[in-house]
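First the structure, in the form of structure tokens, and then the observations on it.
The values are calculated or read from the model by the stated rules, or taken from the named source; none is laboratory data. These figures come from a predicted structure and were not determined experimentally. Cβ: placed from backbone, ideal geometry, glycine included. Neighbour counts: every protein chain shown.
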């Protein structure tokens, strides 16, 4: 458009210049007028002066616009460059927005999967604890049953021993009691029989108490042994169950990790595609604008340079 205007102005100037040249070069051979006497040489000189003045009057205003044309030209160039820079900034901003949305999506997905893993952990731990508690109850019942058997055996063993001791000492005690009850004894003899009876009773009780202590100690050892076995069974089961739970949680964590990686790769691919798409569009615009800028530089600069060269 600008070039067409300049071309139009050049054509007008050429026509005017041609007309003025015609006036200057045109030879007036004769002027026939009764009231006017013209000196041809003076006329030509005056005509030449007027023609030069006319050219000057016509060209000076146009020459004064050359600077304005140059300023407009530079402004157009700078505007195009500014738009290219602005377009590139838009691309950077768009990429930043895409990356921000990508990071936000990854964080939301990670939080979602972490929450799923935490829920799964709680379920597995709860299930495992229930199993441990159930198994521990079974073992405790077995332990209580074993203790009951030990106590029964203790009471039976002690009872049998008491019966045996009572049987062994019953005749002696019975005979001494009969003598004390039926015989006419002197004081000394009675005290002798009574002391003997006390000795036999103490001896019998000592044997029975000794057996009680023996059986009680044996019961204590057996009980501690059963407690140790019970704790070993429970701890072993706990250890096995915890390992099993940890293995299940590890498998679940790996599964969720794979899901996140798949999501990550998909989002990353989409991000690259979006960025490439945006870059392609913007770069095409920049390339087109840069080409137009170069064309404007070449066309307008050539035209303005020609005008400057012609009219300076």
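Part of a helix (DSSP H, G or I), loosely packed, with under 15 Cβ neighbours inside 10 Å and modelled with pLDDT of 90 or more, is that true of residue 109?
no
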Checklist entry - Do we have residue 185 as out of contact with any strand residue (DSSP E or B) (no Cβ under 8 Å at 6 or more places or on another chain), more than 30 Å from residue 156 (Cβ to Cβ), free of Cβ contacts under 8 Å to residues at least 12 places away in the same chain and not in a helix (DSSP H, G or I) here? => result yes
